[in-house]
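See below for the structure under consideration.
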Amino acid sequence: MESVKYQGLNLEVWDLGGQTNLRHYWKNYFTQTDIILFVVDSNDKKRLDIVKREIFELDENSELFNVPFCILAN
């Protein structure tokens, strides 16, 4: 976790990592989530189907229904 202050905003940023063995822990961080920033390695074409599946699973989670979701491809 990192605290970031920017133009009067105080943000707590969590990098949860995308490794397969860490994904089942993501749900532990959904409570009080204000936004999800999902970063994709767009050069790793072999994993894009996995990324798509994970995004759809996040989209179906009831705890995240009103949470803005931004996808960044680097």
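Of note:
- Gained length - Asp41 relative to Glu2, 0.36 nm times residue gap less alpha-carbon distance: 11.9 nm
- For the chain, the alpha-carbon coordinates run over 40, 28, 21 Å along the three principal axes, in decreasing order.
- Per-residue accessible area (protein heavy atoms, 1.4 Å probe) orders Trp26, Trp14 as Trp14, Trp26, starting from the largest.
- Förster radius 25 Å - calculated FRET efficiency between Asn28 and Leu48 (Cβ-Cβ, nearest 0.05): 0.45
- Dipole magnitude (debye, nearest 20) for the chain, charges at Cβ of Lys, Arg, Asp, Glu: 220 debye
- Dipole of the chain, positive direction: furthest Cα of Phe69, Leu9, Ser42, with charges on the beta-carbon: Ser42
- Set of aspartates and glutamates with alpha-carbon distance to Lys52 below 13 Å, sequence-local pairs under 8 removed: Asp41, Asp44, Glu60
- Heavy-atom accessible area for Arg53, with the other protein chains in place and a 1.4 Å probe, reaches approximately 120 Å².
- Helix 48-60 and the longest principal axis of the Cα set of the chain meet at an angle near 50°.
- Per residue solvent-accessible surface (Å²) - the chain, probe of 1.4 Å: 87 Å²
- Expected 222 nm ellipticity per residue - DSSP helices of 4 or more, -39500 (n - 2.57), all of the chain, to 500: -5500 deg cm²/dmol
- Sequence of Leu22, Leu37, Leu58 when ordered by accessible area, the most exposed leading, probe 1.4 angstrom: Leu37, Leu22, Leu58
The values are calculated or read from the model by the stated rules, or taken from the named source; none is laboratory data. Small disclaimer: the values here were computed from a predicted structure and weren't measured. Cβ: placed from backbone, ideal geometry, glycine included. Neighbour counts: every protein chain shown. Quick note on the areas: whole protein, heavy atoms, side chains included, nothing else; ligands and nucleic acids left out. Shrake-Rupley method; radii C 1.70, N 1.55, O 1.52, S 1.80 Å.
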